[in-house]
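Written below as structure tokens is the structure these notes are about.
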Amino acid sequence: MNFDNPRFIGLLAFALVVVQAIYFTIAGFFMKWDLSHLGTFGDTFGALNTTFTGFAFLGLLHSLALQRKELKSAHEETDRLKSLEKKREFESTFFQLLEFFEGTLDRLTTRQRSFRGLFSDYTRDVYDYLCKYDRNAETISECISIEAITSGYMDFYTDKEDVLGPYFRSLYHLFRYVDKSDLPKSDKHFYCDICRAQLSATQLEMLYFNGLTEYGVKFRVLIERYGILKHLGSSLANRKGMKDYYKPSAFED
């Protein structure tokens, strides 16, 4: 019953009054309002105690219901404040990690070449490694075998590990931090979209290859969970069967 609703309490009180009035009317009717029965009738006023007790009980129930409602509101407000505090703490660390990732790019930049320019060179060079295992890598439309990608890219990674190693580790930890948080799923996708927006087409292309090797096994899970390859460049996306190496979710929101 909704005892915290004043209207509901009022209806109950009115019902008690009506019942009491009916009781006195019936009692008076059977006693014929005879003076000789006034003593007996007077005893019936003891029933008023029941009425007042009922009112007091209803008041107590109403008070308890209001207290429960206030406690519930207080708990909800406390939970809301805790949630906001946790989100502020998350965002503070998230943007620090994002800044660290950008700092990693700066540290890997040379005087002669920007990081984006460096990755443009890497994207071109990696195909030379893939061609050693599959001549289809020389074309712009044919599918490159997974064996060629695995072997060729791992050779390439070994030669460029001083750059690719710290780059992919810092990028992975950025996405992993979001994934391991207690945020709702929609919020996780929102922050992962912020991370994804930092990546150029050439960086996404390198991430594509990295995720298909043993170096990117853990990262591949996040790639497919958060659609990190959604904006993959056409040089890979338009090749026959190249998207089949990942789950469709890797290219979707």
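Assorted remarks:
- P(r) of region 100-177 over all Cα-Cα pairs, binned every 5 Å from zero, in whole percent: 3, 14, 21, 20, 17, 14, 9, 2
- Along region 78-86 the Karplus relation, 6.51 cos²θ - 1.76 cosθ + 1.60 evaluated at θ = phi - 60°, assigns HN-Hα couplings of 4, 4, 5, 5, 4, 5, 5, 5, 5 Hz to successive residues, with x for each Gly and Pro.
- Part-to-part distance (alpha-carbon centres) for region 145-183 and region 189-214, which is given in Å: 9
- Within the same chain, aspartates and glutamates fewer than 8 places from Lys240 are excluded, and of the rest, those with a Cα less than 15 Å from its Cα are Asp134, Glu138, Glu142.
- Quarter of Cα convex hull surface for region 109-251, i.e. mean projection, nm²: 8.2
No lab work stands behind these numbers, since they all come straight from the coordinates. Computed from a predicted structure; not experimentally measured.
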